[in-house]
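The values are calculated or read from the model by the stated rules, or taken from the named source; none is laboratory data. Remember, predicted model here, so these are calculated numbers, not experimental data. No Cβ is skipped: glycine too gets one built from the backbone with ideal geometry, and neighbour counts run over all protein chains shown.
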Amino acid sequence: MKIYTKTGDGGETSLVDGSRVRKDHVRVGAFGDVDELNAAIGMAAVHAGAELTALLDGIQRDLFAIGAQVADPRAQVASRKEKAALAPARTVELERAIDERDAQMPPLTAFILPGGTPLAASLHVARTVCRRAERSVLALGPAAAVDPLIVIYLNRLSDLLFVLARHANHVAGRAETKW
């Protein structure tokens with residue numbers, strides 16, 4: 001099978017249900033932003049240790065499931081048994097990871113500039129891409145019947161990425177730059 005099909009040369013692409021839409025369709029933008037987020041997290045993982053890499057790997061798998069749901073206009077709330085389903089427990093796991101790392105750091109008392117170590121900077125980039133992906137999924141609108149867990153997950157994931165970036169700097173002894 002060749003990687004190129006030439007079916008998109010006219011500016012259209014196929015969705016999971018087989019329908020064709022323009023590549024600038026809001027749904028294509030939404031799953032494209034989720035895909036970009038997945039790649040940004042993959043880039044951050046390059047700088048991470050084994051424990052964080054394992055956490056990020058699980059998140060990347062979740063993002064594949066989210067992308068598949070967003071790319072399917074029929075998805076609505078996926079059956080919890082489907083591969084592309086997002087279990088509510090996944091958001092709870094993100095919250096646990098936030099709480100564990102946040103407890104190890106001094107409280108946040110000011111806005112901070114994104115940056116620091118290569119790992120922290122990569123996590124900050126992933127956080128901003130996550131916020132965009134969340135906005136893009138929301139832009140599908142209430143008629144798109146996107147699983148509400150997706151929006152909750154992306155919201156919590158952006159919080160986690162922020163805490164992970166702070167934690168990476170904290171562990172490295174890198175002071176945060178206050179705004």
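Couple of notes before you dig in:
- Test: residue in the range 36-48 that is in a loop (DSSP other than H, G, I, E, B), surrounded by fewer than 17 Cβ atoms within 10 Å (Cβ to Cβ) and without any contact (Cβ under 8 Å) to a residue 60 or more places away in the chain: no
- Single match in Ala84, Ala168, Ala120, Ala144 (criterion: touching a helix residue (DSSP H, G or I) at 6+ places or on another chain (Cβ under 9 Å), modelled with pLDDT under 95 and surrounded by 18 or more Cβ atoms within 10 Å (Cβ to Cβ)): Ala84
- Filter result (of a type in the set (S, T, N, Q) and touching a His at 6+ places or on another chain (Cβ under 8 Å)) within the range 110-147: Thr117, Ser122
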